[in-house]
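Worksheet for the structure shown next.
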Amino acid sequence: MNDGHPVHKKRRRMGGYYVLILVLVAAVGGLWLLRWRQKARLEKMIDSIRAAGYPVTCAELDAWYSIPNDVENAADVILTAVLYYREPNRPELVPIVGQAEMPGRMEALSDEATQAIADYLAGNEQTLKLLGEVARIEHSRYPIDLSAGFGTSMPHLRSVRDMARVLSLDAVRHAEAGDAAQAVESVASIFGVARSLSQEPLIVSQLVCVTCQGLGVSAIERIVNRAELDDKQLAELGRMVVAARNGSGFVKAGVRERCCILEIFRDPEKMDTQVFRSPRFPRLLLTAYKAVGLSDKGAMLYLDFEGEFLQAWKLAEHKRSAAVAALEAELAKLRGVQAMIVRLLVPAYGRVVSIDLRITAGLRAARASLAVERYRLAVGKLPETLAELVPSYLEAVPKDPFDGAELRYKGLEKGYVVYSIGEDGSDDGGKERSKERHENRDVTFIVER
């Protein structure tokens, strides 16, 4: 009977092995099923994005950002103008492009500064001549390779900003000389240069675009204060600022972010090469992150967040900041590896929305002020309220994008101010932002004449 004991023990051991094997098979099968369902859900989310007409890979994005064949390309003209560009010889005397401060709205440039500006602009005559063509060209596509993802090189952006600056100074020069017609043409070219970036699907490109638009608004404010404009010229400037806003630019930039971040989740090793530009994580760790399905889970979390952001962008302007802030706060509360990586990859959308609203407010304040000037030219006095400009000079009083109310209008000791309350939501009575301190003051357009 003792001889049977080893056999029973062996059978029990074998039975234990079978159970262990069955448990392992069940665990692997369950994990595989979970991964399959997870991957199927992710692919369904991606397919719905593609079905809506949006790219989901960086290669698709590069093809998506296109212009029609056989059309004139504003980007080509601007890049050619850059080849002729020369820096100022005396930057300490030249504002906007150099180191000198622009004098107050009603203050004339010094004789020395006027001569330094004239010399600088004379040296850039060919650049200005080429840039003068840009305002009439509708389409633009710079030679960038968006298929490179976050590694896309964007050397043109600094040049575009420089071209807007030289045009802004050219507008100031003409305004100081009393040549309103040429000043208006220079402003048209500023907005043409800005428009060349309006469809480029990168956040940094859109930030440069609004910077150029801001230069256009500042030039208009200077011109209105320093030159005599007729009704036709005021109306033309009004049409420029209305046409300048293209609300789809930052949305398209969000589409690009989605393509790049999806590629990071598809291939987590790109996080080192494209996000950090140098190794930060052990390669084995990144491989394991993908192998166990965490990258797919992170991608779904990101797509949910990005989808809600794009929905927030469709809200009324004055509701966007709060909606995006709530989304960012919700993301900040999430715990886990996926949430950490999503927070690492997504841009500061709240700041992006604030910048977009601020330039919108500036353009609208300029639009209303140009209408005020047309009214004053026709009637011989300033209106009591902006409502008096409707419908002869405005279709409606422009809305403040920060609170949805009408833009504010206030008479000054000399002249007036049209303003938005700005991102802090506080009505400071039309107090403009200090050059020394970048506090959140009102967004103003001031005319002191």
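Taking square-rooted eigenvalues a ≥ b ≥ c of the alpha carbon gyration tensor, is the stretch 365-449 rounded, prolate or oblate, where a/c under 1.5 means rounded and, failing that, a/b exceeding b/c means prolate?
Oblate is the answer for the stretch 365-449, as a/c is 1.5 or above yet b/c matches or exceeds a/b.
Is the stretch 139-190 rounded, prolate or oblate when judged by the Cα gyration tensor, a ≥ b ≥ c being the square roots of its eigenvalues, rounded requiring a/c under 1.5 and prolate requiring a/b larger than b/c? Intermediate values should be presented prior to the final figure.
On the way: a/c = 6.93, a/b = 3.18, b/c = 2.18.
Verdict is prolate for the stretch 139-190.
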Relative contact order for the stretch 365-449: what is it in percent, counting Cα pairs under 8 Å that are at least 6 residues apart?
23
More than 17 angstrom separation, counting every C-alpha pair in the stretch 105-245; what % is that?
60
How many angstrom lie between the Cα centre of the stretch 335-377 and the Cα centre of the stretch 139-196?
20
I'd like to compare 244-254, 375-385: which one has the highest average count of other Cβ atoms within 10 Å, and what's the full order after that?
244-254, 375-385
Taking a cut-off of 13 Å between Cα atoms, list the aspartates and glutamates near Lys44, but don't count ones fewer than 8 places away on the same chain.
Asp296, Asp304
So, in Å, what gap is there between the alpha-carbon centers of the stretch 405-420 and the stretch 50-84?
40
Between Val418, Gly380, Gly429, whose Cα lies farthest towards the positive end of the dipole of the stretch 365-449 when Lys and Arg beta carbons carry +1 and Asp and Glu beta carbons carry -1, centred on the Cα centre?
Gly380
In whole Hz and in residue order, list the ³J(HN,Hα) couplings for the stretch 226-234 that follow from phi through the Karplus curve 6.51 cos²θ - 1.76 cosθ + 1.60, θ = phi - 60°; x for Gly and Pro.
10, 10, 9, 10, 8, 4, 4, 5, 4
Karplus-derived HN-Hα couplings along the stretch 98-109 (A = 6.51, B = -1.76, C = 1.60, θ = phi - 60°), whole Hz, x at Gly and Pro
x, 9, 6, 7, 6, x, x, 3, 9, 9, 7, 5
For the stretch 47-57, take each phi angle, set θ = phi - 60°, evaluate the Karplus expression 6.51 cos²θ - 1.76 cosθ + 1.60, and give the result in whole Hz per residue in order, putting x for glycine and proline.
4, 5, 5, 5, 5, 7, x, 9, x, 10, 10
Neighbourhood net charge (11 Å Cβ-Cβ; Lys/Arg +1, Asp/Glu -1) for Tyr65
-1
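Considering only Cα-Cα distances, which of the following residue pairs are longer than 28 Å: Lys39/Lys333; Lys232/Lys414; Lys129/Lys381; Lys252/Lys319?
On the way: Lys39/Lys333 25 Å; Lys232/Lys414 25 Å; Lys129/Lys381 38 Å; Lys252/Lys319 20 Å.
Among Lys39/Lys333; Lys232/Lys414; Lys129/Lys381; Lys252/Lys319, the Cα-Cα distance tops 28 Å for Lys129/Lys381.
Would you mind ranking Leu167, Leu327 by Cβ crowding within 10 Å, fewest neighbours first? Display every interim value, and only then the final one.
Working: Leu167 32, Leu327 19.
Neighbour counts put them in this order, fewest first: Leu327, Leu167.
Computed from the coordinates by the stated procedures, all read-outs in this text should not be read as laboratory data. Keep in mind that what you see is a predicted model, and the values were worked out from it rather than measured. Cβ coordinates were reconstructed from backbone atoms using ideal geometry, including for glycine residues, and neighbour counts include every protein chain displayed.
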